[in-house]
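Undergrad: One structure follows; several queries about it will come next.
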Amino acid sequence: MKQPVRIGLVGSGFMGRTHALGFRSVGAVFDLPLEPRLELLADATPELAAAAAARFGFSRAIGDWRALVDDPAVDLVDITAPNALHAPIALAALARGKPVYCEKPLAPTAAEALTMVNAAERAGVVTQVGFNYICNPMLALAREMIESGELGQIWGFRGIHAEDFMTDRRSPWTWRLDPAGGAGAIADIGSHIIGMARFLLGPIEALCADAETVIDRRPMLGKPEEMRAVEVDDQVRLLVRFARGCRGTIETSWLSAGRKMQLEFEVIGERGALVFSQERFNELRYYKVEADRSRNGFRTITAGPEHPPYGAFCIAGGHQIGFNDLKVIEIRNLLAALAGGPRPYADFREAYEVQRVIDGALQSSREERWVRL
Ligand SMILES: NC(=O)c1ccc[n+]([C@@H]2O[C@H](COP(=O)([O-])OP(=O)(O)OC[C@H]3O[C@@H](n4cnc5c(N)ncnc54)[C@H](O)[C@@H]3O)[C@@H](O)[C@H]2O)c1
């Protein structure tokens, strides 16, 4: 019999559901020594928690995350609550020696993220942060092509994460705008492209950024006549220098009309280039510099069983994996680490490094100068 891991999930919104789906299906996709059990779900009220627990298949529900963390039947604390709650919940779990799976951004600031890293390292437990887009088999291929030298010397990176869900001025003030949770668009979505840039090309050593708040007041949720000031960024543009020597740009905005998931990058090398878009994430476009320029052009590599772990989901190429499958891969990595395997790529330390870039960008913009990280 497989050893059970009893999951305590905090939050049952967009990500709570995705995590629950992932824990439910991971065992059907991957052969793992551990078996996740949906033990306890906490939300802001007992009613919300009970409704979600019934829908997702959790055994019990509770309206208090502290009780969830303390519950002896919870082995792993999984945090999908708003950003401002990540640090207190994770620190409480780590103080009890429990491993933590936490959504991004890890913390409001790099200083707080570092406290969490130190607590995790002191506790000696596995941590994982929800940079699920990095779990895409095509990202592994891109990194392999860069590292093997297939693209030659890397000369540049262009990255963007833009969406349009805050474009409407009437979109209400919610926890995503709460400065207690940290930055705005750069933390909410920009953290993904920063994490991707680091995954592909390594550390960013210096940056110069311009952050702006475009819509400076928003109506309160459920009280449209009451306006509240917006203190966080709507969009940020960065010039970055990687420690490996190449330079690039990173852009993020949640005001980008028409863009639903413009998480995209271009890696330009001496002997070729890679182009990726999350809206077509089962593809990687590759340009190889060849002597015969008359046949030159981008070609599209389509995800298939040759790109692990795609084959665990589907034996046939081109059928495509989906957004929720990326979470299944992330959860596979987490459970494998809990079973003694390698630590997940995006653990608390990696998320802290991403947070340093976010903090650096905001500092650069405030002080109108380059910042070394
Ligand atoms: N990795 C990704 O692709 C991705 C995508 C979206 C969101 N996120 C991250 O996931 C987290 C949640 O985002 P979301 O979109 O699911 O938000 P959401 O608003 O849909 O869900 C938040 C959940 O937390 C609950 N909650 C609020 N206060 C609580 C409290 N005090 N105790 C317990 N539960 C509480 C809410 O009731 C809700 O169920 C955020 O940190 C966000 O940045 C990650």
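Values in this text are rule-based calculations from the coordinates and carry no lab data. If you're wondering where the values come from, they're calculated on a predicted model, not measured in any experiment. When we count neighbours, we look across all protein chains shown, and the Cβ atoms used for this are built from the backbone with ideal geometry, even at glycine.
Undergrad: Three principal axis extents, largest first, for the C-alpha atoms of the chain, in Å?
TA: 65, 54, 38
Undergrad: Same structure, new question: Quick one: plug the Kirkwood hydrodynamic radius of the stretch 56-162 (C-alpha pairs) into Stokes-Einstein at 10 °C, 1.306 mPa s, and report D in µm²/s.
TA: 98
Undergrad: Which peptide among 266-273, 221-228, 291-298 comes first, and what is the full order, when sorted by highest mean count of other Cβ atoms within 10 Å?
TA: For the peptides 266-273, 221-228, 291-298, the packing ranking is 266-273, 221-228, 291-298.
Undergrad: How long are the semi-axes of the ellipsoid equivalent to the stretch 194-303, from square roots of 5 times the Cα gyration tensor eigenvalues, in whole Å, largest first?
TA: For the stretch 194-303, the semi-axes come out at 36, 19, 11 Å.
Undergrad: How about the stretch 124-196: which trypsin sites (Lys or Arg not before Pro) there are in a DSSP loop, with at most 14 other Cβ atoms within 10 Å of their Cβ?
TA: Sparse-neighbourhood loop trypsin sites (Lys or Arg not before Pro): Arg169, Arg170.
Undergrad: Mean Kyte-Doolittle hydropathy of -1.0 or higher plus an axial Cα length of 20 Å or more: which whole DSSP H helices in the chain meet both?
TA: 14-29, 323-338, 348-367
Undergrad: I've got another one for you. Can you give the three extents of the C-alpha atoms in the stretch 3-131 along their principal axes, from longest to shortest, in whole Å?
TA: 37, 35, 27
Undergrad: Separate question: Which semi-axes, in whole Å and largest first, does the equivalent ellipsoid of the stretch 139-209 have when worked out from the alpha carbon gyration tensor as the square roots of 5 times its eigenvalues?
TA: Computed over the stretch 139-209, the values are 32, 13, 10 Å.
Undergrad: Right, next: With only Lys, Arg, Asp and Glu charged, each at its Cβ (+1 for the first two, -1 for the last two), find how big the charge dipole of the stretch 3-131 is about the Cα centre; round to the nearest 20 debye.
TA: 80
Undergrad: Can you pull a Stokes-Einstein diffusion coefficient for the stretch 285-353 at 25 °C (0.890 mPa s), Rh from Kirkwood over Cα pairs, as a whole number of µm²/s?
TA: 164
Undergrad: Considering the dipole of the chain built from charges on the beta carbon (Lys and Arg +1, Asp and Glu -1) around the Cα centre, which of Leu177, Ala243, Met166 is farthest to its positive end?
TA: Ala243
Undergrad: Still on this structure, please answer the following. Set the bar at 26 Å for Cα to Cα. Now go through Lys2/Lys104; Lys2/Lys327; Lys104/Lys288 and name every pair that lies beyond it.
TA: With Cα atoms farther than 26 Å apart: Lys2/Lys104; Lys104/Lys288.
Undergrad: Separate question: Any idea how far the Cα center of the stretch 148-222 sits from the one of the stretch 311-373, in Å?
TA: What the calculation gives is 14 Å, centre to centre.
Undergrad: Would you mind classifying the stretch 113-171 by shape? Square roots of the alpha carbon gyration tensor eigenvalues, ordered a ≥ b ≥ c; an a/c under 1.5 is rounded, otherwise it is prolate if a/b is larger than b/c and oblate if not.
TA: Here the stretch 113-171 falls in the oblate category.
Undergrad: For the chain, build the charge dipole from Cβ charges (+1 Lys, Arg; -1 Asp, Glu) around the Cα centre, then report which of Gly304, Ile79, Leu68 sits farthest towards its positive end.
TA: Farthest towards the positive pole: Gly304.
Undergrad: For n ≥ 4 DSSP H runs only, could you compute -39500 (n - 2.57) per run for the chain, divide by its residues and tell me the 222 nm figure to the nearest 500?
TA: So the calculated ellipticity at 222 nm is -10000 deg cm²/dmol.
Undergrad: Then there's this: By average Cβ neighbour count within 10 Å, what is the ranking of 211-217, 103-109, 341-347 from highest down?
TA: 103-109, 341-347, 211-217
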